[in-house]
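What follows is a short report on a single structure.
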Amino acid sequence: MSNAIETKGLTKHFKDFSLDSLDLELPEGCILGLIGENGAGKTTAIKLLLGILAPDAGTASVLGRDISGDMSRVKEEIGVVLDEPGLPEKLTVRQLGKIMPSIYKSWSREDFATCIRRLELPEDKAYRDFSRGMKMKLGLALALSHKPRLLLLDEATSGLDPVVRDSVTDLLLDFTRDEGHSVLISSHIVSDLEKLCDYIAFLHKGKLMLLEEKDALLEEYGLLQCSREEADRLEPSAIIGRRDNPYGCRLIVRKDSLPRGTKTQPVSIEELFVFMVKEDKE
């Protein structure tokens with residue numbers, strides 16, 4: 001299986017922030033969730049992949065093409081939704097649908113009409129009068145309607161209510177039923193990505209803390225409630241995160257490093273991310 005996205009040591013320095021040596025792989029036909037707090041570097045990573053920013057070090061390829069070369073052919077095959085879609089304020093959905101065939105050779109009026117219907121967007125309302133959630137829905141409809149092989153979505157579920165987020169999830173799952181389609185989606189709403197993604201990457205303060213297949217991640221880690229004495233007897237390498245309370249300890253643990261027969265509870269992706277971030281801060 002080839003990779004839709006591959007980065008090695010991808011680095012970008014700013015005055016007060018650095019995305020440091022990012023190593024990512026997104027296999028074709030899969031969805032990778034890039035999880036991180038606001039300011040963790042998610043948008044920077046996506047802008048590097050799109051060529052909006054130039055890296056200071058490292059390499060990256062998108063759909064088999066090095067981002068340092070000519071990306072013009074590949075960009076036709078990438079659907080993008082950034083945190084701010086930046087569409088003309090006065091245009092309506094109907095007017096945008098008429099303009100897009102002149103921008104994308106592979107524009108599909110049928111796909112666009114289907115997305116607009118499923119996302120319940122008004123066709124004759126000016127973009128400037130859209131709520132944030134409606135703007136994100138329109139950005140997604142546009143991204144899906146020119147036959148892309150790869151979607152790059154930056155906080156695409158931000159500002160959407162739970163019912164609409166569920167509709168967006170269904171759209172993305174339908175998209176990846178084609179094995180040649182892939183999605184990189186960033187979000188700080190971890191529960192959305194937990195339902196959607198095949199792979200999970202944790203980004204914190206510009207550093208990649210973890211990249212793993214979601215099912216393997218949930219199998220590898222567990223939640224353990226125990227006394228402080230029991231926690232102190234465990235191998236330090238088994239403990240990812242620890243919270244002491246008046247009744248004992250709540251631990252995130254590597255299950256294969258525990259004594260035989262130790263019972264753990266399932267841990268969610270959100271719990272795992274929060275524990276890892278808090279441990280790093282401490």
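Values quoted throughout were computed directly from the atomic coordinates according to the rules given, and no laboratory measurement underlies them. These figures come from a predicted structure and were not determined experimentally. As a convention, Cβ positions derive from the backbone with ideal geometry for all residues, glycine included, and neighbour counts pool all protein chains shown.
If you fit an axis through the alpha-carbon atoms of helix 269-281 and take the longest principal axis of the Cα set of the chain, what angle between them do you get, 0 to 90°, nearest 10? Rounded to the nearest ten degrees, it is 70. Along the range 192-208 the Karplus relation, 6.51 cos²θ - 1.76 cosθ + 1.60 evaluated at θ = phi - 60°, assigns HN-Hα couplings of 4, 6, 4, 6, 9, 8, 8, 10, 10, 10, 9, 10, 9, 6, x, 10, 7 Hz to successive residues, with x for each Gly and Pro. Farthest toward the positive end of the dipole of the chain, out of Tyr127, Thr44, Ile31, is the Cα of Tyr127, where the dipole comes from beta carbon charges about the Cα centre. Which of rounded, prolate, oblate describes the range 77-120, given a ≥ b ≥ c as roots of the alpha-carbon gyration tensor eigenvalues and a/c under 1.5 marking rounded, otherwise prolate only if a/b is larger than b/c? Rounded, since a/c falls under 1.5.
With helices as the sole contributors, the chain gives -9000 deg cm²/dmol at 222 nm; each DSSP H run of n ≥ 4 counts as -39500 (n - 2.57), and the sum is divided by every residue. A convex hull fitted around the alpha carbon atoms of the range 3-205 yields 115 Å³ per residue. The magnitude of the dipole of the chain, with charges of +1 and -1 set on the Cβ of Lys/Arg and Asp/Glu and taken from the Cα centre, is near 700 debye. Dipole size of the range 111-158 about its Cα centre, with +1 on Lys/Arg Cβ and -1 on Asp/Glu Cβ: approximately 80 debye, rounded to the nearest 20.
When the square roots of the Cα gyration tensor eigenvalues are ordered a ≥ b ≥ c, the ratio a/c for the range 117-160 is 1.5 or more and a/b does not exceed b/c, which makes its shape oblate. Working value for the range 217-281: equivalent-ellipsoid semi-axes of 16, 15, 11 Å, each the square root of 5 times a Cα gyration tensor eigenvalue, largest first.
DSSP finds beta bridges in the chain, and of those with both partners inside it, around 65 percent are antiparallel.
Of the trypsin sites (Lys or Arg not before Pro) in the range 152-228, the ones in a loop by DSSP (not H, G, I, E or B) with at most 13 other beta carbons within 10 Å are Arg177.
About the centre of its Cα atoms, the range 77-128 shows a dipole size close to 240 debye [charges on the beta carbon of Lys, Arg (+1) and Asp, Glu (-1) only; nearest 20 debye]. When the Cα gyration tensor is reduced to axis lengths a ≥ b ≥ c, the ratio a/c is 1.5 or higher for the range 23-120, and with a/b above b/c it is classed as prolate. So how tilted is helix 132-144 from the main axis of the chain? Cα-based, degrees 0 to 90, rounded to 10. The helix 132-144 is inclined about 70 degrees to the chain.
Residue-wise HN-Hα couplings along the range 215-227, as the Karplus relation 6.51 cos²θ - 1.76 cosθ + 1.60 with θ = phi - 60° gives them from phi, are 5, 5, 4, 5, 7, 6, 10, x, 9, 10, 9, 7, 6 Hz; Gly and Pro carry x. Helix 162-175 axis versus longest C-alpha principal axis of the chain: approximately 80°, rounded to the nearest ten.
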